[in-house]
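The values are calculated or read from the model by the stated rules, or taken from the named source; none is laboratory data. Predicted model, so just to flag it, every value in this text is computed and none were measured. A quick note on method: Cβ atoms are made from the backbone with ideal geometry, for glycine too, and the neighbour counts reach across all protein chains shown.
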Amino acid sequence: MIVTMHDAHPEVSIRRLCELVGAGRTWWYTHPSPAEMAARDMALRDTIERIVLEFPGYGYRRVTAALRRDGWDINHKRVLRVMRQEALLCQLQRRFVVTTDSAHALRTYPNLLAGTDLAGPDQAWVADITYVRLPTTFVYLACILDAWSRRCVGWHLSR
């Protein structure tokens, strides 16, 4: 603001412009020019792009740490803003892991409850078994559910 006012009215002193805006005179002498700021922003974008191309899995936090290791004094919020503007945020795609093999050659059993309308509890029970990973071992969990209310009728946990 002071820069544009100084460009429009060069006859007014810097001291008076700073008083009108409410800033100290030291701001004028320490504030970089727009050309310097544009050059610094371009250098920052180039450095961020170089880091992202070298390490595609890096997000803004790791990029900020890499910039600080390179000597930049920068805030993570600015790095995030620049990475969003330049579409440089990490876009890792999670791989879908198929755990069920439905095309096996083993015998399959028909669904006996496919056309049944249940009117109340305890008309049909369904069961399933799964495993639970614990820090030292695996345990199996068997559960019997009421098909109408989906409440657990019974369960057992065992190795």
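Conditions (1) assigned by TED's automatic domain parsing to the domain that holds Met42; (2) surrounded by 10 or more Cβ atoms within 10 Å (Cβ to Cβ); (3) at pLDDT 90 or above; (4) under 17 Å from the mean Cα position of the chain (by Cα), marked per residue:
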residue: Ala66; (1), (2), (3), (4): yes, yes, yes, no
residue: Arg69; (1), (2), (3), (4): yes, no, yes, no
residue: Asp73; (1), (2), (3), (4): yes, no, yes, no
residue: Leu92; (1), (2), (3), (4): no, no, no, yes
residue: Asp101; (1), (2), (3), (4): no, no, no, no
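Under the condition of being touching a Leu at 6+ places or on another chain (Cβ under 8 Å) and touching a residue at least 24 places away in the same chain (Cβ under 8 Å), the residues counted in the stretch 45-55 number 4. Every test in (1) touching a helix residue (DSSP H, G or I) at 6+ places or on another chain (Cβ under 7 Å); (2) basic (Lys, Arg); (3) under 19 Å from Ala87 (Cα atoms) is passed by Arg15 save one, and that test is (3).
Do you know which of the residues in the stretch 21-64 that are aromatic (Phe, Trp, Tyr) and outside any helix (DSSP H, G or I) is surrounded by the fewest Cβ atoms within 10 Å (Cβ to Cβ)? Per the criteria, the residue is Phe55.
Select from the stretch 103-125 the residues that are surrounded by 10 or more Cβ atoms within 10 Å (Cβ to Cβ) and either in contact with a strand residue (DSSP E or B) (Cβ under 7 Å, 6 or more places away or on another chain) or acidic (Asp, Glu) (or both) and list them in ascending order.
Across the stretch 103-125, the qualifying residues are Pro121, Asp122, Trp125.
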